[in-house]
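First up is the structure itself, then whatever we jot down about it.
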Amino acid sequence: MFAKRIIPCLDCKDGRVVKGIRFLNLRDAGDPGELAEAYNRAGADELVMLDISASREGRATLMETVTRVARKLFIPLTVGGGVRTVEDAQRLLGAGSDKIAINTAAVEHPEVISELAAQFGSQAVVVAIDARRTHAPKVETGNLKLEDGKSKSEKRKATDYDVPVSNFQFPVSSAAPAAPRWEVVTYGGSRPTGLDAERWARRVAELGAGEILLTSMDADGTQAGFDCELTATMSHAVPIPVIASGGAGNPEHFAEVFLRGAADAALAASIFHFETHTVRSLKRFLRERGVPVRI
Amino acid sequence: MISLVDYGAGNVGSVLKAVEYLGFPSEVASTPGQLERSDKIILPGQGHFGSMLRALDERGLLAPLQKQIAAGTPYLGICLGLQALYEKSEEAPGVPGLGLLQGTVLKFKALEKVPQIGWNQLQLRRGSRLFRFIPDGSFAYYCHSYYAPVVPEAVAVTEYGETYATGIEKGNVCAVQFHPEKSGEVGLRVLKNFLEM
């Protein structure tokens, strides 16, 4: 039985876990090493560490943190945040990370995905995709030019999404049934790219990504549930595993994203940092709901 | 000395970490001389079947590896280190494997997601030394696109679209398709069982 994976995420800054920590029975709740061990004991299938340090000093601390976390961890560890080059990845993998996650740099220089896959193997390359709903009708994704004479609404849309004119996507026809689309955003959701998320997912798989870490920017932080529609669309679009992220608030949300969203794995931060839901209790719940999990 | 074979592209670091954690002295072996002196050999394979066998050959490691295995030195192949024991692989049709097991390593059909990345269950044959103290149905962590056919020497099999060999024991030759260094307690136990053989 192949199991769906539950992946706690440690958001780290300057060597400390920073997001919503309230773990009991730990000497130091913000220490990534202690949290990693606690999650490992609780039955986590993997761990993801995302570094949100802005400074170079913070990055140096990250290497030390990865080394410390990896030393006693015998489940897969993925590290992301600020990975831009093969050299960045090399340092993280050398420090004991098993996979690296790359996001903005992959959008800006897609060829880096192939370089990473060639150097370290696809299994080490996780491409993180942050996607936001556009609420636009089904669109033609050719690189059409916006010319004078187009309707005001089309022009307004191009401005709304702040995309280069050459990437503007036209509705096939105004009569086409509205299907949800998602746009890739970068720099932590602050920058729209004009890229269709489903197409981008196919592209990164072709370029050699081993997995996709998919975050719904609409659901992220709401604790109101994963975006199952987005997850299912992306999961069916690519032959590689999709890790759903953003919106986990209770165990039912995980059941939904596996049963309805076709997710291969689900990632969450806050829900595990509060001990109301441990990885173990979540897995028991999922097993009762018929989701295959490792217990 | 326990040697971890370094052919330039494997995941030697994480296996070394696990072996050291278990308290066994070991070294990374990248020269023929080191391999010839080994008491136990672990080959943590990763990447491409053809590239690995070529890299082993180019570094002069293939011949001493075969000699050591033939001489009865305990060998543990991990991931590609298991696949290398077969005659050949669909991944690199022109490159011969070590040929200690019969058959061809095949690519997963696209019924499931490929590569298989994640935890899957072991169906164990009773009496295996490598899987001593490990309950049937335990999970291990996998990451691979090609699978090894079930042979009489298989002591563990797993299902992923196909039923395939995930644990091998043939005299001094042991191998696992999963990553023991990433499979939590189960993986550490498998490594310990091998290291204590």
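Of note:
- Within this structure, A:Val86 passes the test of being surrounded by fewer than 17 Cβ atoms within 10 Å (Cβ to Cβ) and hydrophobic (A, V, I, L, M, F, W, C).
- Test: residue in the range B:142-156 that is more than 13 Å from chain A (Cβ to nearest Cβ), in a loop (DSSP other than H, G, I, E, B) and of a type in the set (A, V, I, L, M): yes
- Conditions (1) modelled with pLDDT under 50; (2) under 28 Å from A:Pro76 (Cα atoms); (3) hydroxyl-bearing (Ser, Thr, Tyr): number failed by A:Thr141: (2)
- Qualifying residue in the range B:87-100 (condition: among the polar types (S, T, N, Q), touching a residue at least 12 places away in the same chain (Cβ under 8 Å) and more than 25 Å from B:Leu65 (Cα to Cα)): no
- Residue that is of a type in the set (A, V, I, L, M), in the same structural domain as A:Asp220 (by TED's automatic domain parsing) and modelled with pLDDT under 90, where the choices are A:Ala36, A:Ala44, A:Ala29: A:Ala29
- Subset of the range B:99-114 (residues that are more than 18 Å from B:Ala84 (Cα to Cα) and surrounded by fewer than 20 Cβ atoms within 10 Å (Cβ to Cβ)): B:Lys109, B:Ala110, B:Leu111, B:Glu112, B:Val114
- A count restricted to the range B:1-16 and to residues that are under 17 Å from the mean Cα position of the chain (by Cα) and assigned to a loop (DSSP other than H, G, I, E, B) stands at 6.
- Residue ranges of helices (runs of 4 or more DSSP H) in the range A:206-286 with at least 1 members within 14 Å of chain B (Cβ to nearest Cβ) and over 26 Å from A:Gly30 (Cα atoms): A:228-237, A:251-259
- The residue that is surrounded by the most Cβ atoms within 10 Å (Cβ to Cβ), counting only those in the range A:52-68 that are free of Cβ contacts under 8 Å to residues at least 40 places away in the same chain and within 22 Å of A:Arg41 (Cα to Cα), is A:Val66.
- Where B:Ile117 falls short, out of the listed (1) surrounded by 19 or more Cβ atoms within 10 Å (Cβ to Cβ); (2) more than 19 Å from B:His179 (Cβ to Cβ); (3) within 14 Å of chain A (Cβ to nearest Cβ): (2)
- Test: A:Val66 is at pLDDT 90 or above, assigned to a loop (DSSP other than H, G, I, E, B), over 25 Å from A:Phe285 (Cα atoms) and not hydroxyl-bearing (Ser, Thr, Tyr): no
- Beta carbons closer than 8 Å, at least 6 apart along the sequence or on distinct chains, pair a first residue in the range A:200-214 that is over 13 Å from A:Asp130 (Cα atoms) and touching a residue at least 24 places away in the same chain (Cβ under 8 Å) with a second that is among the acidic types (Asp, Glu) and surrounded by fewer than 20 Cβ atoms within 10 Å (Cβ to Cβ) for A:Leu207/A:Glu111.
- Looking only at the range B:17-51, and only at residues there that are part of a helix (DSSP H, G or I) and within 11 Å of chain A (Cβ to nearest Cβ), the one that is modelled with the lowest pLDDT: B:Ser51
- B:Leu130 vs. criteria within 24 Å of B:Leu56 (Cβ to Cβ), more than 8 Å from chain A (Cβ to nearest Cβ), buried (at least 17 other Cβ atoms within 10 Å of the Cβ) and out of contact with any Phe, Trp or Tyr (no Cβ under 7 Å at 6 or more places or on another chain): no
- Taking the criterion of being more than 21 Å from A:Pro241 (Cβ to Cβ) and either free of Cβ contacts under 8 Å to residues at least 12 places away in the same chain or out of contact with any Leu (no Cβ under 8 Å at 6 or more places or on another chain) (or both), the residues of the range A:274-291 that qualify are A:Phe274, A:Thr276, A:His277, A:Thr278, A:Arg280, A:Ser281, A:Arg284, A:Phe285, A:Glu288.
- Test: residue in the range A:40-55 that is assigned to a loop (DSSP other than H, G, I, E, B), more than 12 Å from chain B (Cβ to nearest Cβ), more than 22 Å from A:Glu108 (Cβ to Cβ) and of a type in the set (Gly, Ala, Ser): no
- Flag for B:Val105 being over 14 Å from B:Cys174 (Cβ atoms), part of a loop (DSSP other than H, G, I, E, B), among the hydrophobic types (A, V, I, L, M, F, W, C) and within 17 Å of the chain's Cα centre (by Cα): no
- Positions within the range B:155-190 being touching a Gly at 6+ places or on another chain (Cβ under 7 Å), surrounded by 23 or more Cβ atoms within 10 Å (Cβ to Cβ) and under 13 Å from B:Leu85 (Cβ atoms), in sequence order: B:Ala175, B:Val176
- Filtered residue count, the range B:157-197, keeping only those that are within 12 Å of the chain's Cα centre (by Cα) and part of a helix (DSSP H, G or I): 5
- For the range A:77-95, the condition of being away from chain B (no Cβ under 14 Å), under 28 Å from B:Ala9 (Cβ atoms), touching a Cys at 6+ places or on another chain (Cβ under 9 Å) and at pLDDT below 95 holds for at least one residue.
- Residues that are outside any strand (DSSP E or B) and within 14 Å of another protein chain (Cβ to nearest Cβ) do occur in the range B:68-91.
- Condition check for A:Thr215: at pLDDT 95 or above and in contact with a Gly (Cβ under 7 Å, 6 or more places away or on another chain): yes
The values are calculated or read from the model by the stated rules, or taken from the named source; none is laboratory data. Computed from a predicted model, the values in this text were never measured in an experiment. All Cβ positions, glycine included, derive from the backbone under ideal geometry; neighbour counts span all protein chains shown.
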